Amino acid sequence: ATSGLGSPLAFVSSRARSTPLVSCASRSRSLMADAKIAKLQPAVAELNQISENEKSGFISLVSRYLSGEAEQIEWSKIQTPTDEVVVPYDTLSPPPEDLEATKKLLDKLAVLKLNGGLGTTMGCTGPKSVIEVRNGFTFLDLIVIQIESLNKKYGCNVPLLLMNSFNTHDDTQKIVEKYANSNIEIHTFNQSQYPRLVMEDFLPLPSKGHAGKDGWYPPGHGDVFPSLMNSGKLDALLSQGKEYVFIANSDNLGAIVDIKILNHLINNQNEYCMEVTPKTLADVKGGTLISYEGRVQLLEIAQVPDAHVNEFKSIEKFKIFNTNNLWVNLKAIKRLVEADALKMEIIPNPKEVDGVKVLQLETAAGAAIRFFDHAIGINVPRSRFLPVKATSDLLLVQSDLYTLVDGFVIRNKARTNPSNPSIELGPEFKKVANFLSRFKSIPSIVELDSLKVSGDVWFGEGVVLKGKVSITAKSGVKLEISDGAVLENKV
């Protein structure tokens, strides 16, 4: 049986009893899928805004989605990965102490930041990576300073690649010009641009008069592998003798080059490595690594049968989650993309554009782990996962919880609690501009456990927050926290 757009609705356990039903259902689904693709292909062929590679990639993605080939996870087959599969960071050998040996390692590396996201959630119009994080530096400034200091220290040449989307390309090109004289090679390329599908008739939105950006979408970061290849950047890196690429989100301030990890991967010839870190209650929805039928695999919440969602969210059974810091062998990417072997799970993302219900089909780079040989996870310290998704995260990284050294955001040793304070800010703080205007200076939070702020609240200079603090302004009342105020375990 099918539900909606060809997604498998039920898992029929009694094979003997259900064979005729299943074969009829799958035959009719197959005929419907073929009819939709036959109608879609000529419409996509006429979209002259995108390349032939993008057209064929899109048709292939839609065909896979319509075939309903999503593999059901059999819950009983899931196994907890051993330390050989998810390696504890502490057990990695130390990197070589010799500068020349370290240079040789780093000369095999390129760094790729996923830079397709806009800062719309935080009220910004351009690429998220140009939001000011600390001391006037943006995410991109910090990334460039980090790699520059690495190249300078070891005399190596680690290039930086930025994968943009059509949304961030133009702005990023302008910003990158300011680094023209820096000691770092910067390359940019675009991920694919796919048309949104109109749910009603499964035709591309741009072929119905939506000529602007709204008609299109970038198909998730799983697209990094074909885009790296199609842009020519993959072959260029291989010709320079590069062997590994370190891929991370541009907004993760903890995702810095780790020579210990690189050294381990080269010595053990691992084609793929996902950095995972222990789950806290804030991360219960994050994807986790499992051993499944002899291979390591990413399990996302969307793949979990309803009956097991609570089990998935428990931090007892599934103790780690994916940070999206990925280390991947370049030759392996080339081999798998050429063989069209990277069939990552498809994530359907329904949206609405001007009242029209549309569908975006996306993939995630972490899901590719099961296609690579000798793939592993490494269970890294939480400090390697410091994303800034909202202004509450910005408050953490701008506070005295961190300092900035050579572009690296370093945690304050005075903080004894290994986890960060939990921070909830009301809608008045959602946009960066509003957030910044409400603080004369960012409060001291080294001894804070949790902070909850709602309503029209304004913070003075040099405020200190400790323990559990909750601040609520009554409706229509402006509440000002005076300069130098110390709030400890206070409501």
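The values are calculated or read from the model by the stated rules, or taken from the named source; none is laboratory data. This one's a predicted model, so the numbers in the text were calculated from it and none came from an experiment. Glycine also receives a Cβ, built like all others from the backbone with ideal geometry; neighbour counts cover every protein chain displayed. Each accessible area value is taken on the protein alone, full model and side chains, heavy atoms only, with ligands, DNA and RNA left out. Shrake-Rupley method; radii C 1.70, N 1.55, O 1.52, S 1.80 Å.
Checking the structure you have, find out if any residue of the range 173-186 is part of a strand (DSSP E or B) and surrounded by fewer than 20 Cβ atoms within 10 Å (Cβ to Cβ). Yes, there is a match, as at least one residue in the range 173-186 is part of a strand (DSSP E or B) and surrounded by fewer than 20 Cβ atoms within 10 Å (Cβ to Cβ).
Taking the range 283-319 as the range and being open to solvent by 20 Å² or more (accessible area, probe 1.4 Å), outside any loop (DSSP other than H, G, I, E, B) and among the hydrophobic types (A, V, I, L, M, F, W, C) as the test, the residues that pass are I301, A302, A307, V309.
Taking the criterion of being surrounded by fewer than 16 Cβ atoms within 10 Å (Cβ to Cβ) and under 15 Å from Q41 (Cβ atoms), the only residue of the range 199-216 that qualifies is D201.
Can you confirm whether V358 is under 26 Å from K260 (Cβ atoms) and surrounded by 20 or more Cβ atoms within 10 Å (Cβ to Cβ)?
Values: under 26 Å from K260 (Cβ atoms): no; surrounded by 20 or more Cβ atoms within 10 Å (Cβ to Cβ): yes.
It is false that V358 is under 26 Å from K260 (Cβ atoms) and surrounded by 20 or more Cβ atoms within 10 Å (Cβ to Cβ).
Taking the stated definitions as given, is S475 part of a loop (DSSP other than H, G, I, E, B) and under 26 Å from I143 (Cβ atoms)? So S475 does not fit the description; no.
In the set (1) without any contact (Cβ under 8 Å) to a residue 40 or more places away in the chain; (2) within 30 Å of M32 (Cβ to Cβ); (3) in a helix (DSSP H, G or I), A211 fails one condition alone, (3). Residues that are open to solvent by less than 40 Å² (accessible area, probe 1.4 Å), touching a helix residue (DSSP H, G or I) at 6+ places or on another chain (Cβ under 7 Å) and closer than 25 Å to G123 by Cβ within the range 394-424 comprise L394, V409, I423, listed in sequence order.
Restricting the search to the range 238-282, which residues are assigned to a helix (DSSP H, G or I) and either crowded, with 20+ Cβ neighbours inside 10 Å or at pLDDT 95 or above (or both)?
Step one: of the range 238-282, the residues assigned to a helix (DSSP H, G or I) are 238-239, 259-268, 281-282.
L238, S239, I259, K260, I261, L262, N263, H264, L265, I266, N267, N268, listed by residue number.
Here's a check for you: in the range 124-151, which residue that is within 15 Å of V409 (Cα to Cα), of a type in the set (S, T, N, Q) and in contact (Cβ under 8 Å) with a residue 40 or more places away in the chain is least open to solvent (accessible area, probe 1.4 Å)? Selected residue: Q146. Counting the residues of the range 308-356 that are aliphatic (A, V, I, L, M) and at positive phi gives 0. Scanning the range 31-88 for residues that are part of a helix (DSSP H, G or I), among the hydroxyl-bearing types (S, T, Y) and open to solvent by less than 80 Å² (accessible area, probe 1.4 Å) yields S56, S60, S63, Y65.
If you scan the range 397-455, which residues turn out to be in a strand (DSSP E or B) and among the acidic types (D, E)?
Residues of the range 397-455 in a strand (DSSP E or B): 402-405, 408-411, 422-425, 439, 444, 448-454.
Selection gives E424, D449.
Scanning the range 337-360 for residues that are of a type outside the set (K, R) and more than 12 Å from M199 (Cα to Cα) yields V337, E338, A339, D340, A341, L342, M344, E345, I346, I347, D354.
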